[in-house]
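The structure under discussion appears below in the form of structure tokens.
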Amino acid sequence: MNDCLFCKIAAGEIPCNEVFSTDNLIAFHDISPQAPTHILIIPRRHISGLDEISNNDQELMGELLTCAKTIATKEGLQDNGYRFVINQGSDGGQTVGHLHLHILGGRALAWPPG
Ligand code: AMP
Ligand code: ZN
């Protein structure tokens, strides 16, 4: 994907505030945090969103979730709790077309979402 913001971040072409990285994933602070802790974790491979994942991605999605949990714990969120969010498509509020999971914590989060 030539013109994808998060592919460029994964490739190191656009800087980010990285917090965690594996061969398959990279996590970095959201540029516009909506909570005291707001981190995004993305696959390095371009996947446009949840709608594009298949059975072949089960291992990757498992790694995404378990690494997100590791990050939440490292950030000290385990006691008070936290939220993971994946927005899909326009009704879901997705603004960047590269799969990403939001790790949100550090304050009480409202429910239901707006
Ligand atoms: P979504 O609305 O679910 O697609 O989330 C996209 C997220 O990417 C938003 O929370 C943005 O603040 C965040 N974002 C956009 N550009 C950057 C960037 N260059 N570095 C870090 N986060 C970004
Ligand atoms: Zn991409």
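The values are calculated or read from the model by the stated rules, or taken from the named source; none is laboratory data. Being a predicted model, the structure only gives us computed values, none of them experimental. Cβ coordinates were reconstructed from backbone atoms using ideal geometry, including for glycine residues, and neighbour counts include every protein chain displayed. These area figures cover heavy atoms from the full protein model, side chains too; ligands, DNA and RNA do not enter into them. Shrake-Rupley method; radii C 1.70, N 1.55, O 1.52, S 1.80 Å.
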Practice problem: Rounded to the nearest 10 degrees, what's the angle between the helix 58-74 long axis and the longest principal axis of the chain, both from Cα atoms, 0 to 90? | Solution: 40
Exercise. Give me the percent of the accessible area of the chain that comes from carbon and sulfur atoms, probe 1.4 Å, all protein chains in place.
Key: 48
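Name the GluC sites (Glu not before Pro) in the range 1-90 that are in a loop by DSSP and that have at most 14 other C-beta atoms within 10 Å, would you?
Glu13
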Exercise. Alpha carbons only, please: Rg and Dmax for the chain, in angstrom.
Key: 13.6, 41
Quiz prompt | Coil-residue trypsin sites (Lys or Arg not before Pro) of the range 32-114, DSSP, other Cβ within 10 Å capped at 13 | solution = Arg107
Self-check item: Residue-span extension gain [Asn80 to Asn2] - 0.36 nm each, minus C-alpha spacing
Solution: 24.1 nm
Practice problem: Per residue of the range 11-20, in order, report the coupling 6.51 cos²θ - 1.76 cosθ + 1.60 (Karplus, θ = phi - 60°) as ³J(HN,Hα) in whole Hz, putting x for Gly and Pro. | Solution: 7, x, 7, 10, x, 8, 9, 6, 10, 6
Quiz item: Pick from Thr95, Thr37, Thr66: which residue has the top mean-square fluctuation in a GNM of the chain where Cα pairs under 10 Å get a spring?
Solution: Thr95
